[in-house]
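The values are calculated or read from the model by the stated rules, or taken from the named source; none is laboratory data. Here the structure is a predicted model, which means the values were calculated and not measured. Every residue, glycine among them, receives a Cβ derived from its backbone with ideal geometry; neighbour counts consider all protein chains shown. Just the protein is used for accessible areas: all its heavy atoms, side chains included, with ligands, DNA and RNA removed. Shrake-Rupley method; radii C 1.70, N 1.55, O 1.52, S 1.80 Å.
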Protein chains: 2
Amino acid sequence: MKINTLLSPSNAEELFFTNKRTIVIDILRATTTIVTALNNGAKEIIPVNSIEFAMKVSGNSFGGHTLLGGERNSVKIDGFALGNSPLEYTKEIVEGKSIVLFTTNGSGAIVKAKFSKELLIASFLNAGRIAEYINKVGKDVEILCAGNNGRFSFEDSLCAGKIISEIEEQNDNLELNDGSKMCAILFKKNRKKIKKTMKESDHGKKLIEKGFKDDITFASKENIIDVIPVYDKGVVVLKK
Amino acid sequence: MKINTLLSPSNAEELFFTNKRTIVIDILRATTTIVTALNNGAKEIIPVNSIEFAMKVSGNSFGGHTLLGGERNSVKIDGFALGNSPLEYTKEIVEGKSIVLFTTNGSGAIVKAKFSKELLIASFLNAGRIAEYINKVGKDVEILCAGNNGRFSFEDSLCAGKIISEIEEQNDNLELNDGSKMCAILFKKNRKKIKKTMKESDHGKKLIEKGFKDDITFASKENIIDVIPVYDKGVVVLKK
């Protein structure tokens, strides 16, 4: 069984994902937020790759009954109901709602991988559940890290490494590409200090500056949510 | 002093490098080959980012007295005098020659960084000399890994990690970005098995398949060549 990890969506073509099973990771913060929102009862998340498209979808589709969420340069977009902090996506606010989500890295990464035969959304919160599912399926998988504006993001690779390590515990016949090997090394080196490492990462430092320290603490919690969000035909829902 | 590492040139704009000091690394095999060729007396290397341009430069410039070198899919290009194996670039063949070089990743990475105020070429062969020079200068530096067709390459990051670790030994006031931290971890984890790790890397396995195992053995030798190749106005020469 092969696990290929890509460190950024910018070098992959959309058609690369056709017939692949793909896991998308954007720890700070899109996939952490999606996992949280769905676990808190959101009906569905609609990831989009532009603010203009978010506005359009929100106005015309889903009967107009949507919440707009997301960020540009880490902060909430004017006119949007929600930012990209997972802590905003409480049960009171999201239950039963369709949420259109635009973020700098994560929502675009999901849209990039849209032709995958199965597209799973992972974060530290649900990494254990995702690894368990991949082991059950027992087939090749691509891990797509959203990265940081097309560049390497330490925290996304750390979470990819956690998933790879948990798969490895149950499967001693894995074939890892360069990216997967590196992620597994990062996780093994930092597994006892996930939160600290994330606070010291490029994106972590930027979020702390902008007042989102609590988001990092939350995003670093491992295996606290037992869901598998899947993207299919434009929306992310919980796998049945 | 900041060390920023980029894992691939594809997400950096040419103007990003303006006013920066940049180290380009493509272990398998372009920068290993450049270091070897210059150490063996080549007059200059002219890295180009297309085969067509290689042909054009070779025919019209440098008085027509050039050797064409390089590869596509690891093998020598039809009509070129040399491939991209450092072992071909012997003193007998290259001494006094201008060599136009096209390779899949490395030559394009160098051209991408052409606006750098100083552009240095590194490999395991001369990593120690490069680190020593950077420490002497004591200013911020970008490390640009050529990567593997726009993706992460284990061996380039491993060499970046070696350079960072050697700089770190002389400077306890370094600021590392996510990429640099990761490279330093990879090197520390694999420092005693560079050759083995390279043979098992994505690119290493491909080269072995195509019969270039000896290139990997050679490319993994550390600090055996004491030169600093610099790119300036289209050509790479030894720093005086």
Quiz item: (1) over 24 Å from B:G150 (Cβ atoms); (2) within 14 Å of chain B (Cβ to nearest Cβ): which one isn't true of A:L144, the others all being true?
Solution: (1)
Practice problem: Kindly provide the set of residues from the stretch B:217-229 that are assigned to a helix (DSSP H, G or I) and crowded, with 23+ Cβ neighbours inside 10 Å, ordered by number. | Solution: B:A219
Quiz item: Which is more than 14 Å from chain B (Cβ to nearest Cβ), open to solvent by less than 60 Å² (accessible area, probe 1.4 Å) and free of Cβ contacts under 8 Å to residues at least 40 places away in the same chain, of A:E166, A:E92?
Solution: A:E166
Self-check item: Residues of the stretch B:171-185 that turn out to be within 11 Å of chain A (Cβ to nearest Cβ) and in contact (Cβ under 8 Å) with a residue 12 or more places away in the chain, as a count
Solution: 9
Self-check item: Flag for B:G161 being out of contact with any Phe, Trp or Tyr (no Cβ under 8 Å at 6 or more places or on another chain), within 13 Å of chain A (Cβ to nearest Cβ), modelled with pLDDT of 95 or more and open to solvent by less than 70 Å² (accessible area, probe 1.4 Å)
Solution: no
Quiz prompt | B:V236 part of a strand (DSSP E or B), crowded, with 24+ Cβ neighbours inside 10 Å and away from every other protein chain (no Cβ under 14 Å) | solution = yes
Quiz item: Which condition number does A:K205 fail, the rest of (1) in contact (Cβ under 8 Å) with a residue 12 or more places away in the chain; (2) surrounded by fewer than 24 Cβ atoms within 10 Å (Cβ to Cβ); (3) in contact with a helix residue (DSSP H, G or I) (Cβ under 9 Å, 6 or more places away or on another chain) being met?
Solution: (1)
Quiz item: With respect to the numbered conditions (1) among the aliphatic types (A, V, I, L, M); (2) buried (at least 18 other Cβ atoms within 10 Å of the Cβ); (3) farther than 16 Å from A:A109 by Cα, which one is the sole condition not fulfilled by A:L28?
Solution: (3)
Quiz item: A:K206 fails exactly one of the following numbered conditions: (1) within 13 Å of chain B (Cβ to nearest Cβ); (2) more than 18 Å from the chain's Cα centre (by Cα); (3) farther than 25 Å from A:K76 by Cα. What is the number of that condition?
Solution: (3)
Quiz item: With respect to the numbered conditions (1) surrounded by fewer than 24 Cβ atoms within 10 Å (Cβ to Cβ); (2) modelled with pLDDT under 95; (3) more than 30 Å from A:D172 (Cβ to Cβ), which one is the sole condition not fulfilled by A:K43?
Solution: (2)
Self-check item: Unmet criterion (only one of (1) at pLDDT 85 or above; (2) open to solvent by 30 Å² or more (accessible area, probe 1.4 Å)) for A:N60
Solution: (1)
Quiz item: Of the residues that make up the stretch A:9-18, is at least one open to solvent by less than 20 Å² (accessible area, probe 1.4 Å), in contact (Cβ under 8 Å) with a residue 60 or more places away in the chain and away from every other protein chain (no Cβ under 14 Å)?
Solution: yes
Exercise. Take A:E118 and decide whether it is more than 26 Å from A:S10 (Cα to Cα) and surrounded by fewer than 23 Cβ atoms within 10 Å (Cβ to Cβ).
Key: no
Exercise. Out of A:K193, A:K188, report the one residue that is within 13 Å of chain B (Cβ to nearest Cβ), farther than 22 Å from A:S8 by Cα, surrounded by fewer than 24 Cβ atoms within 10 Å (Cβ to Cβ) and of a type in the set (K, R).
Key: A:K193
Exercise. For residues that are in contact with a Gly (Cβ under 9 Å, 6 or more places away or on another chain) and in a helix (DSSP H, G or I), scanning just the stretch B:147-158, find the one that is nearest to the other protein chains (Cβ to nearest Cβ).
Key: B:F154
Practice problem: Would you mind listing the strands (runs of 3 or more DSSP E) fully within the stretch B:12-109 where at least 2 residues are charged (D, E, K, R)? | Solution: B:66-72
Quiz item: Can you name every residue in the stretch B:110-146 that is closer than 22 Å to A:L6 by Cβ and part of a loop (DSSP other than H, G, I, E, B)?
Solution: B:A146
Quiz item: Within the set of pairs 6+ apart or on separate chains, which have a first residue in the stretch B:70-83 that is closer than 9 Å to B:I51 by Cα and β-branched (V, I, T), a second that is in a strand (DSSP E or B) and open to solvent by 10 Å² or more (accessible area, probe 1.4 Å), and C-beta atoms under 8 Å apart?
Solution: B:I77/B:L68; B:I77/B:E71; B:I77/B:F102
Quiz item: Can you tell which of A:E132, A:E168, A:E175 is among the charged types (D, E, K, R) and out of contact with any helix residue (DSSP H, G or I) (no Cβ under 9 Å at 6 or more places or on another chain)?
Solution: A:E175
